[in-house]
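The values are calculated or read from the model by the stated rules, or taken from the named source; none is laboratory data. Note that the structure is predicted; figures quoted are calculated from it, not measured. Neighbour counts run over all protein chains shown; Cβ positions are idealised from the backbone, glycine included. Heavy atoms of the whole protein, side chains included, go into the accessibility calculation; ligands, DNA and RNA do not. Shrake-Rupley method; radii C 1.70, N 1.55, O 1.52, S 1.80 Å.
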Amino acid sequence: MAAGEAISDLFTFKKNVMETWKLKAKGNWNEIKGKIKKQYATITDDDLLYQEGKDDELLGRIQKKTGKTKDQVIKWIDQL
């Protein structure tokens, strides 16, 4: 496999993970918020405000409060 193909495959994989995360977040966000707040008391309702099309901003706020990378936050929320 060429380097270009590997990068393309990685990009496709990450895009699919984000789409899966978005669908899960939309469907169960209130439940997920409660679990996040139990684990991180410093995260507020304002930090967890979900707005359509602003997923990166939401992830950024969670990253800032948890110290996790974007990928770590996505995996963590996916496991909640």
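Here the range 48-60 is the region considered, the condition is being in a helix (DSSP H, G or I) and open to solvent by less than 70 Å² (accessible area, probe 1.4 Å), and the residue that is modelled with the highest pLDDT is Gly60. Within the range 67-80, residues that are within 17 Å of Glu57 (Cβ to Cβ) and among the charged types (D, E, K, R) have Cβ atoms under 9 Å from residues that are part of a helix (DSSP H, G or I) and open to solvent by 70 Å² or more (accessible area, probe 1.4 Å) in these pairs: Lys68/Lys75; Lys70/Asp56; Asp71/Lys14, counting only partners at least 6 apart in sequence or on another chain. Candidates Lys35, Lys75: the one that is open to solvent by less than 90 Å² (accessible area, probe 1.4 Å) and either part of a helix (DSSP H, G or I) or among the small types (Gly, Ala, Ser) (or both) is Lys35. Quick one: would you say Ala2 is at pLDDT 90 or above, of a type in the set (A, V, I, L, M, F, W, C) and exposed (fewer than 15 other Cβ atoms within 10 Å of the Cβ)? Answer is no for this residue.
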